[in-house]
Amino acid sequence: MGPVIDELAEKKGKGMEKVETKDKTRKIEVAPRMVPPGEGRPKIKAQGVCAWFGAKQALHDVSLAIHEKEVTAIIGPSGCGKSTLIRCFNRMHETVPASRFSGDIVLDGENIFGPKIDPVAVRRRVGMVFQKPTPFPTLSIYDNVAVGLRLNGMRDKKRLDQAVEKSLRKAALWEEVRDSLLKAGGALSGGQQQRLCIARALAVDLEVLLMDEPCSALDPISTTKIEELIHELRQNYTIIIVTHNMQQAARVSQRTAFMLNGKLIEYDATDKMFTNPENKLTEDYITGRFG
Ligand SMILES: Nc1ncnc2c1ncn2[C@@H]1O[C@H](COP(=O)(O)OP(=O)(O)OP(=O)(O)O)[C@@H](O)[C@H]1O
Ligand SMILES: [Mg+2]
């Protein structure tokens, strides 16, 4: 077995590490780095995105690629278009009366505005959690998670039970609610409600999770829990987080986009953005000189 592993290590070059032991040298596999910035496959490509509310233009020619299984933070002062941009990614912008949109948004190589595309199916793949947690307050914790599954036609009680547990576990809420699944979703704390909303999004065929200031209504402990959860979810999902908290953007994301007045000013690896931004406006914003 030894030589095979050695040979594989030669071939792969990465992901293997030499370990010296007393009597022999062997190579062991280490976890490969999760898609480092610059190497991830584009999951969403926005090209020339413009958006309006009535006569007011909220986005001007925004183009960027969101990379798979990375966390992308979107920062910028209030009113610069962060929410509008992510609401275009799951076709929610068009639900606002008198809104307009132009440009292209491509999800896994397919335009989400294509004639055969069902916006509801897009929203299942690209789910959203909001600043204020939005569980169905009178539905039970169980039903909050099961609702999307039932809409998808899942009826079997045992399969539903399993799927609900799996989603609650993924959202790091299971241990706290396993004995009170029939309690109303609205009776949970704010931080628990936010994780319940994440569990609800995860229960369907989610691929991309849009988070619009998911921690701004939460206490520091709940915030830490959500940030830890984001780290875990990144193994399997693509995450976009809008935040006003620069430390949070730096902590959770691999890439950061800075917006101003509806325009994308700079988009780069997070460590670069926060240590050596190209644009003076980015620097002024992240150092707190405006916004
Ligand atoms: N439903 C709406 N109707 C009309 N104008 C809107 C609507 N929603 C947003 N806008 C306008 O579009 C622009 C962008 O708003 P958006 O909500 O995307 O900003 P934001 O960056 O998310 O701000 P914040 O940090 O305050 O959440 C703003 O000028 C805002 O007033
Ligand atoms: Mg917003």
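Let a ≥ b ≥ c be the square roots of the eigenvalues of the Cα gyration tensor of the chain; is it rounded (a/c under 1.5), or, if not, prolate (a/b larger than b/c) or oblate?
Oblate.
Starting with the highest mean, order 203-211, 280-288 by the number of other Cβ atoms within 10 Å, averaged over the residues of each peptide.
In decreasing order of mean packing, 203-211, 280-288 become 203-211, 280-288.
Mind listing the long-range amide H neighbours of Asn245? Cut-off is under 5 Å, sequence gap 5 or more, other chains count too, H placed in the peptide plane at 1.01 Å from N.
none
Per DSSP H run of at least 4 residues, take -39500 (n - 2.57); add these up for the chain, divide by its residues and hand me the 222 nm value, nearest 500 deg cm²/dmol.
-10000 deg cm²/dmol
Given H placed 1.01 Å from N in the peptide plane, which residues other than close sequence neighbours of Lys69 have an amide H under 5 Å from its amide H?
Thr238, Ile239
With a ≥ b ≥ c taken as the square roots of the eigenvalues of the C-alpha gyration tensor of segment 153-277, please select rounded if a/c is under 1.5 and otherwise prolate if a/b is larger than b/c or oblate if it is not?
Cα axes put segment 153-277 in the prolate bin.
Checking the table Lys170/Lys225; Lys225/Lys272; Lys56/Lys280; Lys56/Lys263; Lys69/Lys158; Lys183/Lys225 against a 20 Å threshold on Cα-Cα, which pairs fail?
Pairs exceeding the cut-off: Lys225/Lys272; Lys56/Lys280; Lys69/Lys158; Lys183/Lys225.
May I ask you to sort His231, His93 by Cβ crowding, counting other Cβ atoms within 10 Å and putting the fewest first?
Lowest to highest Cβ neighbour count: His231, His93.
Mind ordering 195-201, 258-264 by average Cβ neighbours within 10 Å, highest first?
Final packing ranking: 195-201, 258-264.
Take the cross-link list Lys45/Lys116; Lys82/Lys116; Lys43/Lys166; Lys82/Lys166 and give me the ones stretching past 23 Å between alpha-carbons.
Lys82/Lys116; Lys43/Lys166; Lys82/Lys166, as the Cα separations exceed 23 Å there.
Any idea which of Met259, Met128, Pro277 is furthest toward the positive side of the dipole for the chain, if Lys and Arg beta-carbons carry +1 and Asp and Glu beta-carbons -1?
Positive-end residue among those listed: Met128.
Take Met154, Met273, Met92 and order them by how many other Cβ atoms sit within 10 Å, fewest up front.
Arranged by neighbour count, lowest to highest, Met154, Met273, Met92 become Met154, Met92, Met273.
Along the Cα→Cβ direction, 7 angstrom out, place labels at Arg169 and Ala121. What is the inter-label distance in nm?
Placing both labels 7 Å along Cα→Cβ, they lie 3.0 nm apart.
Every number here is computed from the coordinates shown, using simple stated rules; none is lab data. Bear in mind that the values here come from a model prediction, so they are computed numbers and not experimental data. Neighbour counts are summed over all protein chains in view; Cβ atoms, including those assigned to glycine, are modelled from backbone coordinates with ideal geometry.
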